[in-house]
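S.K.: There's a structure below that I have some questions on.
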Amino acid sequence: MTFPDPQALPEPSRSWYRVSREVLVLILCAMAVMSVAGKYATNGSSAADAFAPFGYASAFPMLAVVALLWWRQRWPVLIAAIAIGASLVFPTTPFVALTAIAGAVAVTTGRTRWLLIVGGYVVTVVSLLWDVFSTSSLLASFVDGAAVGSTARLSLIPFIPLLAALLTAPFAGTGFLRQYRQERDEARAGTITATRNVAVMHEEMAREHERQEIARELHDTLAARLSAVSLHAGAFELAASQSGSDALAAARRVREAAQGSLDELRAVVDVLKNPTAARRGTGLSDLSLLIDRVSSDGADVRAQIMVTDPASCDEKVSHALYRILQESISNARRHAGDVAIRVDVRGGPQTGVSASITNEVPVGARPSSVGGGNGLVGMHERVAAMAGSFQAGETQEGTFRVSVWMPWQPR
């Protein structure tokens, strides 16, 4: 079994919920960037007033990084790396980088994942250090607003690694949780697919068992009876050889018909036992042999066959048409007796293949044998399977006509 090469699928449209969530994240990150930039840009807000313009100017590149977060689902590692680098260069909030890292952790593994987590941790440490040395520091509220450079303010530095770890952990944990949920969903989908495949395999095994049972029943019943018919026909032929040429010819036809039926039955049994085995079925190329055989049996068949390149016709179409002609001729001989049967077959790759089988309907004619009543139904089903058209019935001229058309290559 071969599978088509994978192709890039278009990105699914974002749902309103996802769009709303992404917009909210971008707004919060942008507000955090502007708030921190405004704090650092205030005169005297840092240990050196020369950093004030730099802190204000850092808002613009960081806002550009915030805009890039919109594509963090498409390029998670690249966006996270850009956010980490920008946050290390510019004094800003760590939440921009941590937001990008949360998305990247969800789709990475191994060394890359841990490098991103360490990068986010370092960014958080640097951002907290900037806050400690700012006059408008948030951390200074824990030491009663101690001045910049005071012993109380500097005492906050040993706690920064622990605080950075506490801030980084929720974002990293969100990434791990998203990856777990994705793996869980994939596992569930795989389980559903595997269950469906097992069900299909069980169904195929059941069908295979049914085919084997049918094959055994056909072989054990019909094959045995046809073999007996062929054996008795051979004895009849031997006895008829002393009675005259007509009786001998009739006996020979009985024997050949029984042997042919037995051969076809064995072919059907082989197909039931092994449906995938290649076999050469009867088709358009065998129509002349069919006409010759029924003519030699005494039927008055007047055939006109004009088919272009019959070998290129689909095997199923070709075989179906052969069986339809065979069944139509048999029905005509059974119901109409020794009347002329006209067969007209035309077709080609451009027009498809059509057939018409016509015979007169004698008044008061009675069937020579009782059939199952499924002949026309079976023919109609064969044609329908090939997406063709089928008509059968008496005409205004008092004849019975079977008309068939099928495409050269069914879709």
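The values are calculated or read from the model by the stated rules, or taken from the named source; none is laboratory data. Note that the coordinates shown come from a computational prediction; the quantities given were computed from them, not determined experimentally. Just the protein is used for accessible areas: all its heavy atoms, side chains included, with ligands, DNA and RNA removed. Shrake-Rupley method; radii C 1.70, N 1.55, O 1.52, S 1.80 Å.
S.K.: For region 155-203, with all protein chains present and a 1.4 Å probe, just round the carbon and sulfur fraction of the accessible area to a whole percent.
M.R.: Summing carbon and sulfur atoms, their accessible area is 69 percent of the total for region 155-203.
S.K.: Which value, in Å² and to the nearest 10, is the accessible area of H202 when all protein chains are kept and the probe is 1.4 Å?
M.R.: Spelled out: H202, probe radius 1.4 Å, area about 120 Å².
S.K.: Can I ask one more? Along region 83-98, what does the Karplus equation 6.51 cos²θ - 1.76 cosθ + 1.60 (θ = phi - 60°) give for ³J(HN,Hα), rounded to whole Hz, x for Gly and Pro?
M.R.: Those phi angles translate into 5, 5, x, 5, 5, 7, 7, 9, x, 7, 7, x, 5, 5, 5, 5 Hz.
S.K.: How much of W405 can a 1.4 Å solvent probe reach, expressed as accessible area in Å² and rounded to 10?
M.R.: 100 Å²
S.K.: Is region 301-345 best put as rounded, prolate or oblate by its Cα gyration tensor, with a ≥ b ≥ c the root eigenvalues, rounded for a/c under 1.5, and otherwise prolate when a/b is larger than b/c, oblate when not?
M.R.: In terms of gyration-tensor shape, oblate.
S.K.: Measure off, as a whole percent, the carbon and sulfur share of the 1.4 Å-probe accessible area of region 302-411, all protein chains present.
M.R.: 47 percent
S.K.: How much accessible surface does M306 have with a 1.4 Å probe, in Å² rounded to 10?
M.R.: Surface open to solvent at M306 totals about 90 Å².
S.K.: Which log10 I(q)/I(0) values, to two decimals, does region 113-191 give at q = 0.14, 0.16, 0.18 Å⁻¹ under the Debye formula with one point per Cα?
M.R.: -0.57, -0.66, -0.75
S.K.: Under 1.5 on a/c is rounded, so check that first for region 72-138, then, if it is not, pick prolate when a/b is larger than b/c and oblate when it is not; a ≥ b ≥ c are the square roots of the alpha carbon gyration tensor eigenvalues.
M.R.: Since a/c reaches 1.5 and a/b is larger than b/c, the shape of region 72-138 is classed as prolate.
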